[in-house]
Structure formats: C-alpha cells, structure tokens
Amino acid sequence: MDTKEKTLAYLNSLCKNTLMETLNIKYIDFGDDYLVATMPVTSKVYQPDGVLNGGASMALAESVGSPTSMLAIDSNKFMVRGISFTANHLKSVKSGLVTATATFIHKGRTTHLIEIKITDEKGNLISIGKLTNIILPKK
C-alpha cells in the first residue's frame with residue numbers, strides 16, 4: 001500500500017462513529033493543496049421535498065475543508081478548528097453521488113482559507129463554500 005492509499009485509509013478511519021460516517025462521506029483523493037471526498041445523495045440527506053439538504057452539503061464541505069488543513073500541518077504539534085464558513089447553493093440534486101473538492105486559497109502560518117466546490121456526477125456545480133480554519137498549538 002502506497003503513502004496515498006495509507007493517508008486516505010487513515011482519513012476514512014477517522015470517520016467512524018461521526019457525522020461523516022452517518023452521511024457516508026468517503027475521502028477519495030488528495031494532493032499538496034487539495035482534498036476530495038464524496039457523499040451519496042439518498043433520502044438520508046434529503047430535505048422534505050426530496051432534494052439534497054443544504055445543511056448536508058455544508059457538512060460535506062466542512063468535512064473536506066478541515067482535513068485539507070490537517071494534511072498541511074504537523075498534527076503532532078498543531079490542531080485545526082473551523083472558525084468561519086459560508087456557502088452558496090446553486091443547483092438541486094435528487095440522486096447519485098456528489099463530490100467535494102477543497103483547495104487552498106491561502107495557506108498561512110495561523111489561518112487557512114479553503115474553497116470547497118461540490119459537483120454532481122455530470123460535473124455541474126451544486127454548491128460552493130469558503131472555510132476559514134485557525135491553526136492552534138496543541139497543549
């Protein structure tokens with residue numbers, strides 16, 4: 001198993017007994033400045049009228065945005081906390097798989113600004129968000 005596979009397996013193992021497991025979020029790819037995760041669109045993530053709930057989209061975005069920062073720091077010395085999140089929902093989805101790709105806008109010493117784009121299986125932009133993370137020393 002290569003390093004990328006081990007890292008993805010590690011990230012996915014962190015989802016056990018969390019909201020990410022409940023929503024079936026899976027980390028599938030990463031690089032120096034990005035992380036990608038998927039989430040199935042089923043009744044589990046619907047709003048009452050049968051489309052993807054914006055809150056579920058935001059949970060997916062946060063779930064890919066914070067670990068993007070985690071991959072860029074020394075996690076033995078520092079921890080990541082989200083301090084601000086904004087999102088715009090642009091298109092409805094009723095089924096399939098949505099993919100969230102988080103990329104750095106700014107990678108500072110104490111703050112990270114992450115853009116998260118969520119697309120459907122056809123590549124249509126569903127939601128776009130920005131997450132600000134603070135990097136704090138572990139005590």
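Bear in mind these aren't lab numbers, they're just calculated from the coordinates by the rules spelled out. Remember, it's a predicted structure, so these values are computed and weren't measured experimentally. Because the Cβ atoms are built from the backbone with ideal geometry, glycine has one as well, and the counts that use them run over all protein chains shown.
Laid out as a table, the results:
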quantity	calculated
Residue identified as within 23 Å of GLY31 (Cβ to Cβ) and either surrounded by 19 or more Cβ atoms within 10 Å (Cβ to Cβ) or out of contact with any Lys or Arg (no Cβ under 6 Å at 6 or more places or on another chain) (or both) among LEU90, LEU60	LEU60
Selection from region 105-124 of residues that are closer than 29 Å to THR42 by Cα and either within 13 Å of the chain's Cα centre (by Cα) or exposed (fewer than 13 other Cβ atoms within 10 Å of the Cβ) (or both)	ILE114, GLU115, ILE116, LYS117, ILE118, THR119, LYS122, GLY123, ASN124
Contacts under 8 angstrom Cβ, first residue in region 112-139 being of a type in the set (Lys, Arg), partner part of a loop (DSSP other than H, G, I, E, B) and surrounded by fewer than 20 Cβ atoms within 10 Å (Cβ to Cβ), 6 or more apart	LYS138/ASN76; LYS138/LYS77
Cross-chain or 6+ apart pairs with Cβ under 6 Å, region 27-41 first and at negative phi and surrounded by 14 or more Cβ atoms within 10 Å (Cβ to Cβ), then in a strand (DSSP E or B) and among the small types (Gly, Ala, Ser)	TYR27/ALA37; LEU35/ALA102; ALA37/ALA100; VAL41/GLY96
Subset tally (residues that are charged (D, E, K, R), surrounded by 11 or more Cβ atoms within 10 Å (Cβ to Cβ) and more than 11 Å from the chain's Cα centre (by Cα)) for region 1-26	2
